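Since the structure comes first, as structure tokens, the remarks are kept for the end.
The values are calculated or read from the model by the stated rules, or taken from the named source; none is laboratory data. Being a predicted model, the structure only gives us computed values, none of them experimental. With ideal geometry, Cβ positions are generated from the backbone for all residues, glycine too; neighbour counts draw on all protein chains shown.
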Amino acid sequence: MNPITTPEWVLKVDGLGKVFGPFTDESIAKTGSDRGTSKDPTTGSIVAAWDVSFEVAAGEALGVVGESGSGKSTVMRCIAGDQSTSVGSVHLRTIDGGNTNILHMSASARRQLRIDQIAVVYQDPAEGLDLRVTAGGNIAAPLTAAGLRNFGAIRHRASELLSRTEVPLNRMDDVVRSFSGGMRQRVQLAKALANRPPIVLLDEPTTGLDASVAAGVLDLIRGLLEEFGLAAVVVSHDFSVIEMLTTRCIVMNHGRVVESALTDQLLEDPHHPYSQKLVSAARS
Amino acid sequence: MTTLLNQLLDETVGDTSDVPFALLDEYSKREIRRAILTAVAVPGYQVPFGSREMPVARGWGSGGLQVTLGVVGPLDTIKVIDQGDDQGVNAVNLRRLIVSSTGIPETTVAAESTIVQTRHRIPEDGLDTEHILVLQVPVPEPLRGVERDMRELARMHAEADYSKMWVSLYEDRVRNGVITQSTGYPCLVNGRYVIATTPIPRWDIPKLDNAPFLSLFGAGREKRIYAVPPHTKVEPLTFDDVPFEVEQTPGATCFRCTSSMSFLVEIPGPVSRWVCSDTDWCERHEGGLK
Amino acid sequence: MTKKFDPNMVLDVRKLYKEFILHTVDGRTVEALNGISLTVSAGEHVALAGTSGAGKSSLLKSIYRTYKPTSGEVWFQLLDGTFVDLVGLTDAELATLRGTQIGYVSQFLRAAPRRSTLEIVTKSGMQRGMDISTAREAAAVALKKLNLDEALWDVSASVLSGGEKQRINLAAGTISPPRLLLLDEPVSALDPSNREAALELIDTLTHQGVAVLAVFHDIEAMERLATRVVVLQHGVVGYEGSPQQTLAKLAGVAR
């Protein structure tokens with residue numbers, strides 16, 4: 001019945017929910033965007049995210065927009081496995097053809113996914129890198145985790161990735177602690193792409209960087225997403241980031257998705273009152 | 001009633017003098033043996049055990065001693081070395097302790113022994129299918145240099161996630177041109193667990209691979225026992241394209257036996273002199289005979 | 001509801017409404033489109049005319065889903081002949097169409113800081129299904145047609161002038177003839193000779209069978225390119241006809 005073939009999803013999230021503390025159906029009903037809170041008045045539990053669903057295809061970037069506390073980072077951490085999830089499912093096309101809910105996999109199996117299926121770029125590069133280790137060494141980590149045992153090949157691949165992320169090669173053997181924020185972020189990107197994962201999650205990738213530095217990093221990310229045909233989820237409160245990187249996005253408020261739209265449509269014709277507030281604040 | 005009890009005790013414990021055979025009571029021996037069996041069943045896995053108070057201070061071979069005392073029987077012959085030397089103070093004391101509590105014979109010739117307890121060296125030759133090599137281990141955790149958190153260490157071994165180790169080898173190579181670890185080189189046992197090979201020199205590492213003898217590693221202070229069963233693969237961790245090299249000093253020969261085929265240690269002095277670390281081996285080869 | 005479609009029709013807009021509800025201003029509503037119906041066939045160039053605020057840009061955006069229509073239907077004929085209602089498509093489906101069958105050229109170029117001119121146009125070709133070398137060749141052809149100096153092809157588009165950016169936009173939007181081309185003031189920043197080249201290009205597309213719906217402020221351009229002019233008034237179609245008829249009427253009304 002569908003004459004338009006859209007590329008099939010590589011990442012599918014269905015009814016994802018995360019609650020901190022005990023909860024009942026009532027807790028859910030008493031929280032959310034309409035209620036203006038994520039906190040259940042009865043139990044004090046926090047409904048950090050509830051009923052979040054979306055699909056991302058290869059070569060596509062989906063934005064998750066919201067202010068801090070909206071639940072956007074929680075969603076990302078649940079998918080990444082950094083956080084346990086309360087309800088819902090996450091499917092990867094590359095795992096069992098998309099039939100397995102990875103949330104039901106063991107913690108160690110989830111960790112395996114982080115080697116070459118799901119890469120994460122954190123807002124703070126220190127979270128994704130070992131600052132005491134060299135740039136090349138940080139990239140050696142995922143490569144060796146994937147079984148690469150040849151020193152020359154590791155060096156070669158690391159230098160390829162570093163030059164692709166525009167880190168000067170003469171700094172490859174410098175300890176990451178000595179790098180500026182923007183440069184650290186580039187190393188984080190290089191490391192994330194080391195094993196060519198199909199899915200990349202980016203959490204506020206340029207927040208905290210100087211504007212000029214941020215622009216360069218964003219442009220780099222955009223180029224990489226295209227070149228590697230990655231399925232990306234970009235979490236940000238910054239609309240310029242969302243605009244630059246994504247074609248579709250969802251808006252989150254108090255843990256719920258309040259709007260889902262094409263990015264240019266969200267920016268020019270936001271519907272939900274909260275989205276309008278966010279967009280007009282960004283525009284001013 | 002008491003007679004029956006005494007009889008039973010006699011049967012189980014045997015020697016009713018104050019000091020049981022091999023110092024340890026039967027329950028201690030049982031626990032150590034169970035730990036050893038687990039260690040042998042899972043090569044390279046560090047088995048926790050209740051390390052007892054021993055007449056040697058912690059850090060002086062109490063773990064190795066407990067292992068030896070756990071496996072020794074009346075038909076064994078013991079050899080004890082420290083850095084290859086049977087006459088090292090530590091070796092002498094340990095041997096005296098073992099012999100006095102078991103009554104078994106001692107020897108310096110590895111081939112004539114059945115159990116060899118050692119600190120930091122493996123005998124150059126003589127170990128065979130009938131031997132148990134007991135190594136004294138100060139730090140059983142090979143990943144200690146790259147990770148401090150105990151739960152994380154347990155996870156890394158459980159999931160065979162040794163990437164932090166590989167990164168440190170990479171960094172070493174980058175910084176120094178070679179992998180500089182000289183003693184206690186980390187090895188992969190049976191393709192599964194990485195072990196600390198106690199501070200034995202690189203020279204001795206190849207002896208562990210596919211050895212005819214059983215190697216048991218005892219760490220008293222850290223309370224761990226691990227094992228490399230006979231004919232088990234032991235591979236030093238290195239990159240495919242960075243060969244594992246053993247120590248060599250070109251031109252060095254033992255001033256006593258003229259050998260260049262054994263592990264040599266340097267004697268400090270105005271002129272550089274070298275001598276075999278394995279004293280027994282040196283004595284048997286004095287004059288250059290092999 | 002009869003879904004009878006003229007096979008020549010590429011675009012069939014039926015009673016399209018667009019209302020904005022401004023929650024940030026106590027829920028005030030703004031009507032942009034008040035029930036527009038119009039059609040565009042293959043090879044037709046329909047020009048939208050009317051005073052500013054009449055709904056011209058809003059209509060283009062509502063078709064492209066930069067604005068989400070409030071109600072109505074926008075029937076679009078796919079390349080394979082099937083008709084789909086753009087309003088009912090999912091975002092993913094619409095995004096797919098945007099890259100391939102529906103082109104949109106506005107006066108604004110949102111260029112990534114370091115993308116070169118050639119890259120931008122080539123990328124657009126690749127989105128339309130071309131492989132990288134074909135796309136690059138087609139990009140070169142399009143840029144040449146629009147008089148964009150080769151010296152600028154490797155330059156980052158963001159440092160170029162408004163007129164140069166506009167031509168890049170045009171090249172990217174037309175690199176391979178889409179089924180439907182939406183144009184919003186595509187030549188406003190061009191000087192006479194470049195404007196000429198651009199209009200040439202657009203004209204060629206119509207002859208190649210592209211359905212074009214355009215907004216031009218420029219009467220001359222409208223006269224030259226349009227096969228039909230639709231005049232919008234307050235978000236509805238006021239009247240339509242041939243360029244000569246309607247523009248004469250418009251001129252009369254303006255006075």
**Asked** Of the residues A:A107, A:A140, A:A126, which single one is among the aliphatic types (A, V, I, L, M), within 13 Å of chain B (Cβ to nearest Cβ) and within 20 Å of the chain's Cα centre (by Cα)?
**Response** A:A107
**Message:** Quick check on my filter: what residues within the range B:247-288 are touching a Lys or Arg at 6+ places or on another chain (Cβ under 7 Å), acidic (D, E) and surrounded by 15 or more Cβ atoms within 10 Å (Cβ to Cβ)?
**Reply:** B:D278
**Residue in the range A:22-40 that is over 23 Å from A:Y122 (Cβ atoms), in contact (Cβ under 8 Å) with a residue 24 or more places away in the chain and within 14 Å of chain C (Cβ to nearest Cβ) present** = yes
**Segments classed as helices (runs of 4 or more DSSP H), wholly inside the range A:129-227, with at least 2 members that are within 24 Å of C:R115 (Cβ to Cβ) and of a type in the set (A, V, I, L, M, F, W, C)** = A:151-164, A:181-193
**Message:** Would you confirm whether or not the range A:189-206 contains a residue that is within 14 Å of chain B (Cβ to nearest Cβ), more than 25 Å from A:E8 (Cβ to Cβ) and of a type outside the set (G, A, S)?
**Reply:** yes
**Asked** Does A:M1 qualify as being modelled with pLDDT of 95 or more and surrounded by fewer than 19 Cβ atoms within 10 Å (Cβ to Cβ)?
**Response** no
**Item:** Unique residue being surrounded by 22 or more Cβ atoms within 10 Å (Cβ to Cβ), in a helix (DSSP H, G or I) and acidic (D, E) when the list is C:E196, C:E200, C:E223, C:E164
**Value:** C:E164
**Message:** Anything in the range C:172-193 that is closer than 20 Å to C:M126 by Cβ and either at pLDDT below 90 or surrounded by fewer than 20 Cβ atoms within 10 Å (Cβ to Cβ) (or both)? List them, or say none.
**Reply:** C:A172, C:G173, C:T174, C:I175, C:S176, C:P177, C:R179
**Asked** So, of the residues in the range A:251-277 that are more than 10 Å from chain C (Cβ to nearest Cβ) and among the aliphatic types (A, V, I, L, M), which turns out to be surrounded by the fewest Cβ atoms within 10 Å (Cβ to Cβ)?
**Response** A:V258
**Fill in**
Counting only residues in the range A:40-57 that are surrounded by fewer than 17 Cβ atoms within 10 Å (Cβ to Cβ) and not small (G, A, S), the one modelled with the highest pLDDT is identified as A:D51
**Message:** Go through the range B:158-209 and report how many residues are in a loop (DSSP other than H, G, I, E, B) and loosely packed, with under 15 Cβ neighbours inside 10 Å.
**Reply:** 8
**Request:** Tally the residues that are surrounded by 23 or more Cβ atoms within 10 Å (Cβ to Cβ), more than 10 Å from B:G218 (Cβ to Cβ) and under 15 Å from the mean Cα position of the chain (by Cα), restricting the search to the range B:20-68.
**Result:** 2
**Prompt:** Listed residues C:T122, C:T66; which is within 13 Å of chain A (Cβ to nearest Cβ), surrounded by 20 or more Cβ atoms within 10 Å (Cβ to Cβ) and in a helix (DSSP H, G or I)?
**Reply:** C:T122
**Complete:** Filtering the range C:1-50 down to residues that are touching a residue at least 24 places away in the same chain (Cβ under 8 Å) and of a type in the set (G, A, S) yields C:A32, C:G35, C:S37, C:S41, C:A42, C:G43, C:A47, C:A49, C:G50
**Prompt:** Residues of the range B:56-82 being closer than 20 Å to B:D128 by Cα and among the polar types (S, T, N, Q), which ones?
**Reply:** B:T68, B:T77
**Message:** Is it the case, given these coordinates, that A:L103 is more than 22 Å from A:L224 (Cα to Cα) and outside any helix (DSSP H, G or I)?
**Reply:** no
**Prompt:** Could you say whether any residue in the range A:234-250 is among the aromatic types (F, W, Y) and over 30 Å from C:S62 (Cβ atoms)?
**Reply:** no
**Asked** Quick one: would you say C:L94 is within 13 Å of another protein chain (Cβ to nearest Cβ) and either surrounded by fewer than 17 Cβ atoms within 10 Å (Cβ to Cβ) or part of a helix (DSSP H, G or I) (or both)?
**Response** yes
